[in-house]
Each structure stands twice: as structure tokens, then as C-alpha cells.
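K.L.:
The following block contains the structure, expressed as C-alpha cells.
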């Protein structure tokens with residue numbers, strides 16, 4: 001039984017290490033922190049809520065580019081720190097932890113965006129939709145491994 005626990009722990013820490021490597025991978029043009037975009041499911045009236053989680057103490061700007069056919073409905077971010085220009089939305093960031101905004105439209109919600117970090121003087125892409133549940137996939141893999149090991153011991 002201790003060998004099984006050791007294998008499971010080794011697998012778990014490997015998954016954590018790989019997850020950190022993938023999500024924290026930096027290119028020459030990317031910042032030293034990660035920004036996560038979470039696109040929530042469409043609610044009953046057809047509105048989609050988008051949450052952008054920011055690193056602590058960020059000063060700069062976020063530009064979000066909505067896909068064709070989508071309309072910006074509003075945000076919880078202060079209105080004097082938002083500029084919406086068609087399908088492009090600009091958010092001024094001064095230490096906020098997250099931005100939440102609402103959109104409505106048809107088709108794929110493949111939102112693209114960029115970050116301007118005024119502290120570091122860098123600009124990079126946020127990319128497309130981020131999965132809100134990588135830990136669930138990791139736990140599923142861990143559970144599958146435990147089941148396989150258990151079957152092998154029988």
C-alpha cells in the first residue's frame with residue numbers, strides 16, 4: 001500500500017509541476033505574471049459574463065477584442081476607466097484584482113486581448129478563452145491513475 005501512495009503523490013506533484021510550467025511559460029514578449037480570462041456560460045437572457053483575473057498591484061491596461069456579432073453590455077469596472085470602441089474594449093487598470101463585463105451575441109465566444117504593463121513597459125497577448133477548470137482535469141487524471149493502480153494490485 002505505501003508504494004501505491006508514493007506513486008500517486010509522485011503523479012500528483014508531476015501534474016502540478018507541468019501545469020505550472022505550461023501556464024507560466026514565458027516568451028520574450030510576455031510578462032512575468034499570468035492573467036486568466038474566464039468565460040461563464042450564457043445565462044437565461046443570452047448574456048455572457050466574462051471575468052478577467054489580474055495579478056496583484058497591476059498598473060496598465062487590458063484591451064479585449066470581441067468576436068464578430070458580439071456587443072459589449074457593461075462592466076462592474078469604473079466607467080471612467082473603460083472605453084468601448086465597436087468590438088474593442090479598453091480597460092485602465094490601477095491595482096484592481098479582476099474585471100467583470102457582460103456581452104451578448106451569436107457564435108463562438110473566442111475573445112482575444114492584450115495586456116500593457118506600465119510598470120515593466122511590456123505588452124503581450126492574453127490569448128483566447130482560458131479553461132476555468134484545469135484542476136478538475138488534473139484530479140480526474142489522478143483518480144484514473146488510482147483506479148488503475150488499484151486494479152493492478154488485485
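The values are calculated or read from the model by the stated rules, or taken from the named source; none is laboratory data. Bear in mind that the values here come from a model prediction, so they are computed numbers and not experimental data. Positions of Cβ are backbone-derived with ideal geometry, glycine not excepted, and every protein chain shown enters the neighbour counts.
K.L.:
Give 20, 60 a once-over and let me know the one that is under 24 Å from residue 120 (Cα atoms), modelled with pLDDT under 95, out of contact with any helix residue (DSSP H, G or I) (no Cβ under 9 Å at 6 or more places or on another chain) and part of a strand (DSSP E or B).
P.N.:
60
K.L.:
Being closer than 20 Å to residue 46 by Cα, in contact with a strand residue (DSSP E or B) (Cβ under 9 Å, 6 or more places away or on another chain) and not in a strand (DSSP E or B) is the filter here, so list the residues in segment 87-109 that pass it.
P.N.:
Result: 87, 106, 107, 109.
K.L.:
All but one of (1) closer than 14 Å to residue 114 by Cα; (2) modelled with pLDDT of 60 or more; (3) buried (at least 16 other Cβ atoms within 10 Å of the Cβ); (4) within 17 Å of the chain's Cα centre (by Cα) hold for residue 31, so report the exception by its number.
P.N.:
Only one criterion is unmet by residue 31, namely (2).
K.L.:
Out of all the residues in segment 70-79, is one or more out of contact with any strand residue (DSSP E or B) (no Cβ under 6 Å at 6 or more places or on another chain) and modelled with pLDDT under 90?
P.N.:
Among the residues of segment 70-79, not one is out of contact with any strand residue (DSSP E or B) (no Cβ under 6 Å at 6 or more places or on another chain) and modelled with pLDDT under 90, which makes the answer no.
K.L.:
Scan segment 120-139 and tell me whether some residue there is over 16 Å from residue 36 (Cβ atoms), part of a loop (DSSP other than H, G, I, E, B) and modelled with pLDDT of 75 or more.
P.N.:
yes
K.L.:
Let me ask something additional. Give me a count of the residues in segment 68-106 that are closer than 15 Å to residue 52 by Cβ and touching a residue at least 24 places away in the same chain (Cβ under 8 Å).
P.N.:
Residues in segment 68-106 being closer than 15 Å to residue 52 by Cβ and touching a residue at least 24 places away in the same chain (Cβ under 8 Å): 21 in total.
K.L.:
Evaluate segment 96-111: report whether one residue or more is closer than 22 Å to residue 125 by Cβ, more than 15 Å from the chain's Cα centre (by Cα) and modelled with pLDDT under 90.
P.N.:
yes
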